[in-house]
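**Q** Have a look at the structure that comes next, please.
Just so you know, all these numbers are worked out from the coordinates, no wet-lab data involved. In this text the structure is predicted, and so the values were computed from the model without any measurement. Glycine also receives a Cβ, built like all others from the backbone with ideal geometry; neighbour counts cover every protein chain displayed.
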């Protein structure tokens, strides 16, 4: 991929962001596969996704640099301004998510929350399998949850497809390698945006908190 | 900028909630028309009965997952299941499929492969009768061992003779 000539290599995505991203890729695919006949694995995959999504939301507030929502969630004017330039055939230089991509990030997180949130209460048609909180709701409510769970997965599939199309568009049209940055964490940018990381204790606190919540939910709130 | 940013948040949340609301609307069952004929009435009554069957099996399974299951609750749910499954073959009068209710999940195979369907229904009846006997005797271990075969007959029949509802 061509990069600007006067480029500096910048550490853009921290370890937690990259790990969460790639684990979500693997686990969403695994959850899809296991939803048919491997519901036990499907549940465990779901608990892991709950932990990852909760951690990512926490990290959006407590993390550093390009992980912070405040660094990339922009208002409608900034989104419109970016959207007006997105078709230009030049290398993208946004240090992190661009204002348009920010919407995709938030929508993905929202749909994932709906996905795992409904999954907790799902009851399958045979009333034999269910989420860890399915005993708190009636069969009817559990079935309705199952339908939302299935429909929101269609929404998730659409968002993932859009995500992949956008990556291909940036790679081919804008000659910007976004995948490499999500693997190595580094991007070449015209200047150093001066991103600062978060202290390690915040990372540990977030991991412990997210894992604890996911664990308690997996136990059906019974300890 | 803060208020503009919250608009972006609202937009993203709206996507998630919109998906959820659409799902909720989809999950809502249609109402039986006032002038429904016998076949249509049968299609709606069948749906009610399957909901009762699902609710009783769920009630039984939920009870079994408790640290100290109440034998009376297990027995009552098993008894309900036994009565419902015994009557199940009568819930499918000819003509009560999607032609009677577009939302019906009954596949045509129920009637075109009547022998196969009857065999599947009989298998369910046999397994639920065992479940009911153990539950009535208060043998929770036997009930626990029997829920999987029962669930298996539900699933086996659903995979062959049930379709996802339309609309």
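**Q** Run through every distinct alpha carbon pair of the stretch A:8-218 and return the Kirkwood hydrodynamic radius in angstroms, one decimal place.
**A** Radius from the Kirkwood sum: 18.5 Å.
**Q** Averaged across the residues of B:42-53, what count of C-beta atoms belonging to other chains lies within 10 Å of each residue's C-beta?
**A** 1
**Q** Could you pull the Cα extents of the stretch A:1-105 along its three principal axes, largest to smallest, in whole Å?
**A** So the three principal-axis extents are 51, 30, 29 Å.
**Q** If you line up the long axis of helix A:139-172 against the longest principal axis of chain A, both from Cα atoms, how many degrees apart are they, to the nearest 10?
**A** Taking the Cα atoms of chain A, the angle to A:139-172 is about 20 degrees.
**Q** How much FRET efficiency would the formula 1/(1 + (r/R0)^6) give for residue A:89 and residue A:8, where r is the Cβ-Cβ distance and R0 is 30 Å, rounded to 0.05?
**A** On the way: r = 23 Å, r/R0 = 0.75.
Calculated value: 0.85.
**Q** Count, for each residue of A:155-162, the Cβ atoms from other chains sitting within 10 Å of its Cβ, then give me the mean as a whole number. The partial results should precede the final answer.
**A** On the way: counts 7, 1, 0, 1, 2, 0, 0, 0.
Whole-number average of other-chain Cβ neighbours for A:155-162 is 1.
**Q** Can I ask one more? If you fit an axis through the alpha-carbon atoms of helix A:39-62 and take the longest principal axis of the Cα set of chain A, what angle between them do you get, 0 to 90°, nearest 10?
**A** Orientation of helix A:39-62: about 40 degrees from the principal axis.
**Q** Within the stretch A:83-109, which residues have the backbone N less than 18 Å from the label spot 7 Å out from residue A:186 along Cα→beta-carbon, could you tell me?
**A** In the stretch A:83-109, the label zone of residue A:186 (backbone N under 18 Å from the point 7 Å along Cα→Cβ) covers A:95-96.
**Q** Cα gyration tensor of the protein assembly as shown, axes a ≥ b ≥ c as square roots of the eigenvalues: rounded (a/c below 1.5), prolate (a/b > b/c) or oblate? Don't skip to the end; give the middle numbers.
**A** Working: a/c = 2.98, a/b = 2.04, b/c = 1.46.
The shape class here is prolate.
**Q** Still on this model: Sequence gap at least 6, Cα distance under 8 Å: using those rules, report the relative contact order of the stretch A:8-218 to the nearest whole percent.
**A** Relative contact order, the stretch A:8-218: 34 percent.
**Q** With each pseudo-label sitting 7 Å past Cα toward Cβ, what's the residue B:122-residue A:212 distance in nm, one decimal?
**A** My value for the distance between the label points is 5.8 nm.
**Q** Also: Calculate the length of the line joining the C-alpha centroid of the stretch A:142-165 to that of the stretch A:31-95, in whole Å.
**A** 15 Å
**Q** Against the longest alpha carbon principal axis of chain A, how many degrees, from 0 to 90 and to the nearest 10, is the axis of helix A:200-218 turned?
**A** So the helix axis and the longest Cα principal axis differ by about 30 degrees.
**Q** Ok, one more. Divide the volume of the convex hull of the Cα atoms of the stretch A:44-168 by its number of residues and quote the answer in cubic angstrom per residue.
**A** Taking only Cα atoms, the stretch A:44-168 has a hull volume of 127 Å³ per residue.
**Q** Going by a ≥ b ≥ c, the root eigenvalues of the Cα gyration tensor, does the stretch A:134-212 fall in the rounded group (a/c under 1.5), the prolate group (a/b larger than b/c) or the oblate group?
**A** oblate
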